[in-house]
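Take a look at the structure set out below.
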Amino acid sequence: MAQEKVTNQYDESSIQVLEGLEAVRKRPGMYIGSTSVRGLHHLVYEIVDNSIDEALAGYCDTITVRILPDNIIEVEDNGRGIPVGIHPKMGIPTVEVVFTILHAGGKFGGGGYKVSGGLHGVGASVVNALSQWLEVEVHDGKKIHAQRYERGHSCGPLQVVGDTDHTGTKVRFLADDQIFETLEYEYEVLLKRLREQAFLNAGLRIVFEDLRDEEKVRSKNLCYEGGIREFVTYLNKSKEPIHEEVIYVSGMKGTSMAEIAMQYTTKYDETLISFANDINTTEGGTHETGFKAAMTNVINNYARKHNYLKEKDSNLSSEDVREGLTVIISVKVEEAQFEGQTKTKLGNSEVRGLVSSIITEKLTEFFEENPKIAKTIIGKAVSASQAREAARKARESARKSALSTSLSLPGKLADCQSKDTKYTEIYIVEGDSAGGSAKDGRDRRFQAILSLWGKMLNVEKSRLDKVYNNDKLQPVIAALGTNIGADFDLEKLRYGKVIIMADADVDGAHIRTLLLTFFFRFMRPLIEGGYVYTAVPPLYKLVKGKETRYAYSDEERDKISAELRGEDGKGKVEISRNKGLGEMDAKELWATTMDPETRTLKQFTLGDAIAADQTFSVLMGEKVEPRKAFIEENAKYVMNLDV
């Protein structure tokens, strides 16, 4: 969306000081969430967001982000450049105020920015406080001004270091190893975020370079003239759209603006991603509420007007009209009101009306001008409504069946004695033989075992009614107790850990993916809450004399082998590829995979729901080419693949 330029009032008086910088190094988590790798990446986002704000104001069209050797970050833009004159209140150069004083920025009503996505203007100073060192270079069109800081403190005065004929800001920093658990940036994580920002700001060019390994330089030039239209196309690249054109509508009300891009696919799940001032509002808010209500009304009104819904027919539900929909909602507001410290839910009441009016007016107009697309979309919604009714009947049938038996829990469930979800865990095990060993080897006080058998349903290609009627998934639904889809209730979860236990081979990986896809599509809060794990069985068994050890990787195998041989390197160590789970006896399975004191579990989380959605669509979808490309691209990261 083209951005209107704001008044170019960006000088010393634009920067307002709210308070000092004392607490950042003592409590970094309050400012960047954590000191893990996630917090490390957040440093980059904060500096980039400042450059994005210049783009939002209409003064920057290119941002370059580099990972330099030793994990030094460099962010350069061609915006106006941070003001370098003496600050009227603080008596030091304004750029020094921005980098050394918390809550100093041009986003508190000084006229520098109309809309902003920065963390309340504190980003630069927080990054400076949490860096071993930071260097800033400002080009004001005539002179180059530079200053260096160490752990938040300036090393000397701002200096003129050369001449220049352009404007902009360059920031280079090294995160502090006294603060962060790791300084190693993940290329794909940063690329995903930068690509997202490029989509949200049509025409903005973001160049991303990873220069840490000179033999394997990675570089991306991200620029999308189509903006969020191209974002939708990107998200649907492994899906089958049911109409070729991406529907795009936008509008303004006062100083607020909104744009929505959407496209329906043959899928049964919905992908709705919303942003406010380029911040991903993962918990939704007023913009999502306005969109959902208006979409439902527009489609129902059109369907009745054109007789796709008869007088006797019930209205389509909100879920019906959004089945298979991929939609991006992006709003820009001058005074964004976010609920909570993490800015994940938008609270501006006027935004609901803005989004609602845009959808009501412009989507209705689009349908009238494109009746074939409208008919296709309404046909899918009607089909979804019929499937929802079938699912309701299947659910009621399942409930009646459960009540008619003496036990409502599945017969293949060996339940645990405790009911306290702080301690209880359920192992979902493929195969009766592995299930039998697990039942015999478990600690029945807190460990439940559910055996699965046969080929599981690929829910990526199935609606809710098919899931309810599937004899392989019904036991999982009954055992967990939460129900699925719109009826999911986390409060009814019967176990604190849901552990998938499958062999460490291709078949096992397929079973894990099928189960994870099921949880992702129909029980997503399980994953979001961190309840889902995969058990990690050992890859090798090492025996020397009476001593038996297990290794979970090639590196660990070699290390244990050396330890067993001792300093003299003598003695024979028998190393065998570990058997499948079903071939282990109960004692072996407990020792290697189920004993909380010695086992290895991997928690499955949704750090990035967009990436997870795409991965499942690629792996479980009908398109062969994206799946082939994904496997080829990721094959180099697969270890110990048993084919």
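For LYS267, give me every one of the lysines with a C-alpha distance below 16 angstrom, ignoring sequence neighbours fewer than eight places off in its own chain.
Once the sequence-local lysines are set aside, what remains near LYS267 is LYS237, LYS239, LYS380, LYS461, LYS466, LYS623.
Hey, what number do you get for the chain at 222 nm if only DSSP H runs of n ≥ 4 count, each worth -39500 (n - 2.57), divided across all residues, to the nearest 500?
So the helix-based figure for the chain works out to -10000 deg cm²/dmol.
Given VAL476, SER318, VAL246, which one lies farthest toward the positive end of the charge dipole of the chain, if we put +1 on the Cβ of every Lys and Arg and -1 on the Cβ of every Asp and Glu?
Checked the options; the winner is VAL476.
So how strong a dipole does the chain carry about its Cα centre when Lys and Arg Cβ are +1 and Asp and Glu Cβ are -1, to the nearest 20 debye?
So the magnitude is around 2220 debye.
What does the charge add up to near CYS223, with Lys and Arg as +1, Asp and Glu as -1, over the other residues with Cβ less than 11 Å from its Cβ?
0
Which whole number of Å³ per residue matches the convex hull of the alpha-carbon atoms in segment 484-557?
Spread over its residues, the Cα hull of segment 484-557 gives 114 Å³ apiece.
Quick one: Cα convex hull volume of the chain, Å³ per residue?
Value for the chain: 187 Å³ per residue.
Can you find, among ALA381, ALA124, ALA23, the residue sitting farthest towards the positive end of the charge dipole of the chain, where Lys and Arg contribute +1 and Asp and Glu -1 at Cβ?
In the chain, that residue is ALA381.
Quick check on segment 12-222: take the gyration tensor over C-alpha atoms, sort the square-rooted eigenvalues as a ≥ b ≥ c, and tell me if it's rounded (a/c under 1.5), prolate or oblate.
In terms of gyration-tensor shape, rounded.
Restricting to bridges with both residues inside segment 272-388, how much of the DSSP beta-bridge set is antiparallel, in percent to the nearest 5?
Roughly 40 percent of the DSSP beta bridges within segment 272-388 come out antiparallel.
When only Cα pairs under 8 Å and 6 or more residues apart are kept, what is the percent relative contact order across the chain?
9
Hey, if you put +1 on the Cβ of every Lys and Arg and -1 on every Asp and Glu Cβ in the chain, which of LEU204, TRP453, PHE338 ends up farthest toward the positive end of that dipole?
Result: TRP453.
What are the residues whose amide H is under 5 Å from the amide H of HIS87, where those residues sit 5 or more places off or on another chain and H is modelled from the backbone?
For HIS87, whose amide H was placed from the backbone, the distant partners under 5 Å are ILE92, THR94.
Quick one: how many lysine pairs does segment 12-222 have with C-alpha atoms less than 21 Å apart and a gap of 8 or more or different chains? Give me the count, please.
7
Over segment 228-388, consider all pairs of different Cα atoms and compute the Kirkwood hydrodynamic radius from their mean reciprocal separation; express it in Å, one decimal.
Computed over segment 228-388, the radius equals 16.0 Å.
For segment 275-291, what does the Karplus curve 6.51 cos²θ - 1.76 cosθ + 1.60, with θ = phi - 60°, yield as ³J(HN,Hα) per residue in whole Hz, taken in order and with x for Gly and Pro?
9, 10, 6, 6, 9, 5, 8, 5, 9, x, x, 5, 5, 5, 4, x, 5
Got a sec? Which residues in segment 181-224 would a label at ARG151 touch, if it sits 7 Å along Cα→Cβ and we count backbone N under 19 Å?
Backbone N within reach: 181-183.
Once you have the Cα-Cα distance between ARG577 and LYS312, take 0.36 nm times their residue separation minus that, and quote the gain in nm to one decimal.
88.9 nm
Non-local amide H neighbours of TRP133 (under 5 Å, H modeled in plane, Pro and chain starts lacking H): which ones?
For TRP133, the qualifying residues are ARG151, LEU174.
Which peptide among 368-376, 236-244, 193-201 comes first, and what is the full order, when sorted by highest mean count of other Cβ atoms within 10 Å?
Per-residue Cβ counts within 10 Å, averaged per peptide and sorted highest first, yield 193-201, 236-244, 368-376.
So for segment 228-388, averaging the separation of alpha carbon pairs under 8 Å that are six or more residues apart and normalising by length, what relative contact order in percent results?
Rounded, it is 31 percent for segment 228-388.
Read-outs throughout are calculated quantities, based only on the coordinates presented, and are distinct from any laboratory measurement. Since the model is a prediction, treat every value here as computed from it, not as a measurement. Quick reminder, even Gly has a Cβ in these numbers, built from the backbone with ideal geometry, and neighbours come from all protein chains shown.
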